[in-house]
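Input: a single structure, listed below in structure tokens.
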Amino acid sequence: MQKRFVSFVAIILALTFSILACQISFSTAKVENLRMARDEEGNQPTTQFDPQDIFYLVGELANAPDDTRLKAVWIAVDVEGVAANSEIQTYETTSGSGKFWVRLSRDAGPWPAGKYKVDLYLNDELNQSLAFEVKASQVSLPSPAPTEAAPAPPSGAAGLSNIHTSLDEADARPSSQFAQADTIYTHFNLDAPQGSAQINGTLTAVSAEGVEPETVFTELNESFPAGVQWIRFTNTMPWPKGVYRIDLTVDGEPAQPLEVEVVSTNTSGAQIQNVYTSLDQNGDQAATVFPTTGSIYVQFSLTAPGSEVEVRGVMVAQVVQDVEPNSHVTEAGGALASGSYWFEYFNDGPWPVGKYVVYIYLDGEFVQQVEVNVQ
């Protein structure tokens, strides 16, 4: 059975190395239906974004060999507090025919208002430029019923209201249930008479599989200006299924706690099988030890009854030289039907020596992992 390549998903990383393609080949490939959107499927096309949005560049490749090279360059053209035409992020990958999307998110609060663009290169030639804009917006959402009332802040002190969780920065998908691969976003309105306040957020496992009760998973502490804000809790490994509590304080004063749950999300009956790593895309050279140069391939077969399912392979640097333990490296994935596939992970320089793991998710639920060593 012929194996098909699945494109990388772009994400801003704070690591010591970046994942970039380095091959150039001639092809008759062309880009079709390129658009900016608020979602990876491109069902919410737009050229105007809110400051909390994630930017998605979505399109299709036609007549494209598997080594077709794509590069997306994100640029702040005329943005408040940023030098004109500053490059924000460059992302490169190789792909064959089919749908692709590139995501740009922001870790440090909302996007500043202004004009942006993204330049898409096809085999190192500029193919299309899409302009878009970020405009400040006032978001007003209904307040969910509190799980526990917090004491009112003293007069003149900062306080939080409309505290709730969501699956995304843009708060387009409010939810208290999450998949094992999800990021948990907590949104709130900050009333700060002094203009800003210190927000502390703690995520605690109340009752989760394989975790001692009241285990603190992560804690965030940051100063925020008044207004609509968000913080997020991430995990490079799969979240254990179960119940969690989010505790917030503002300038040391407790606010309303929230309860969230990590649940099973692979309800389609889809299965991943025959997972192994190899030195080549055809899977003929199975290996678990890799040199510092070259690609790492993860081979697998997918049985997906009915419609397509979302498959992701997230690579983590588990114990790697000069890299913080369990750091996110990169990921590959997409909406797939039944068949045999391979994910390719590659670096523009030598791979740092050490142990890596790839966690494989079906519709956000962890199903399997593979480990490799780079020597």
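Values quoted throughout were computed directly from the atomic coordinates according to the rules given, and no laboratory measurement underlies them. Predicted model only: the values in this text are computed from it and were never measured. Reconstructed Cβ throughout: ideal geometry from the backbone, glycine too, with neighbour counts over all protein chains shown.
List of remarks:
- Lysine pair number, Cα distance threshold 18 Å (strictly under), the chain, separation 8 or more or different chains: 7
- Anisotropy class of the range 306-356 from Cα gyration tensor, a/c 1.5 cut: prolate
- The protection proxy used here, the mean number of other Cβ atoms lying within 10 Å of each residue, ranks peptides 203-215, 30-42, 240-252 as follows, highest first: 240-252, 30-42, 203-215.
- Computed from the C-beta positions of residue 226 and residue 275, the FRET efficiency with R₀ = 45 Å rounds to 0.40.
- Extension gain from residue 369 to residue 268, taking 0.36 nm per residue of separation minus the Cα-Cα distance: 34.4 nm
- Relative exposure of 187, 328, judged by other C-beta atoms within 10 Å (fewest first): 328, 187
- Each Lys and Arg adds +1 at its Cβ and each Asp and Glu adds -1 at its Cβ; summed about the Cα centre, the chain shows a dipole of about 640 debye.
- Residues with amide H under 5 Å from that of residue 215, placed H, sequence gap 5 or more: 205
- Counting beta carbons within 10 Å around each of 178, 217 and listing the fewest first gives the order 217, 178.
- Bridges between two residues of the chain, per DSSP, are antiparallel at a rate of about 95%.
- On the beta carbon distance between residue 66 and residue 212, with R0 = 41 Å, the FRET formula returns roughly 0.30.
- Once C-alpha pairs closer than 8 Å and six or more residues apart are averaged by separation and normalised to the residue number of the chain, the relative contact order reads 15 percent.
- Selection from 113, 356, 90, by position along the positive dipole direction of the chain (Cβ): 90
- Local electrostatic count, residue 176, Cβ distance below 13 Å [Lys/Arg +1, Asp/Glu -1]: -1
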